[in-house]
Amino acid sequence: MAFTVAIDGPAAAGKGTIARAVAARFGFAHLDTGLLYRAVGQRVLAGEDAVSAARGLRAEDLDHPELRGAEAAQAASRVAAIPDVRAALLDFQHAFARRLGGAVLDGRDIGTVICPGADVKLYVTATDETRGWRRHKELTEAGREISLEQVLTDLRERDARDSARATAPLKPADDAVLLDTSEMTIDQAVSRAIELIDARTGQT
């Protein structure tokens, strides 16, 4: 049986961590759709045309070591605003969402565009300061030298660009459940998400 969980939200709010944990808990497949755009962005940084890069995206592109970096994130946000890039990646995401055994997709337009009929929709968010601190910790622990102020600036610029784009802007679906993780631990956020999904699957 197909069962789709859509998890949206801005960067560093915790949606990826929650999505992975939820997928593991229920035995669902997981797709970080942001990686698709980061992979396209990375190919653009290497000199390719954005639409051509999206149409020619390969599975191995998702394993590029630089995809989690700030440069790839900014490139992803820029290419995600191009309608033809989004169209080129739609079929892959739609097919993944309908797979038997259940699927969790996280991104910025899953509940609004990719899977408007998802069985569960979550919008994971947190304050700018909390998200900035989390992303700064992640980057510095990975060996990146960057100030907290620069991380916050990058996050806010990306939020503004993603929210203002004409095609599939970042926003919660009308029927999404808001999950603010600002004051939550990872375990608390995951537990709350699982509770919400349990309520729809009939599990206890």
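The numbers here are math on the coordinates, done by the rules we state, and not lab data. Nothing here was measured: the structure is a model prediction, and the numbers come from that model. Reconstructed Cβ throughout: ideal geometry from the backbone, glycine too, with neighbour counts over all protein chains shown.
Numbers below:
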| read-out | value |
| --- | --- |
| Given charges at beta-carbon only (K, R positive; D, E negative), |dipole| of the chain in Debye | 340 |
| Trypsin sites (Lys or Arg not before Pro) within region 1-66: DSSP coil, no more than 14 neighbouring Cβ in 10 Å | R58 |
| In sequence order, calculated HN-Hα J values of region 88-94 (Karplus, 6.51, -1.76, 1.60; Hz; x Gly/Pro) | 5, 9, 5, 4, 4, 5, 4 |
| Amide H contacts under 5 Å for L122, placed H, 5+ residues apart | A6, I7, D8, V177 |
| For G102, distant residues with modelled amide H under 5 Å away | F3 |
| Student exercise, region 104-204 dipole from Lys, Arg, Asp, Glu Cβ charges, in Debye to nearest 20 | 240 |
| Furthest towards positive pole of dipole, G107, H64, V120, structure part region 55-153, Cβ charges | V120 |
| Gain upon complete extension [E157, D119; 0.36 nm per residue less C-alpha separation] | 10.5 nm |
| Neighbour-count ranking [beta-carbon atoms within 10 angstrom, fewest first] of D8, D187, D162 | D187, D162, D8 |
| Estimated [θ] at 222 nm from DSSP helical runs (n ≥ 4, -39500 (n - 2.57)) normalised by residues in the chain, nearest 500 | -16000 deg cm²/dmol |
| Trypsin sites (Lys or Arg not before Pro) within region 80-146, DSSP loop, no more than 16 other Cβ atoms inside 10 Å | R98, R99, R144 |
| Karplus-derived 3J(HN,Hα), 6.51/-1.76/1.60, for each residue of region 142-155, Hz, glycine and proline x | 8, x, 7, 9, 7, 7, 4, 4, 5, 4, 4, 4, 4, 4 |
| Calculated FRET efficiency for the pair A2/A199, C-beta based, R₀ 25 Å, to 0.05 | 0.85 |
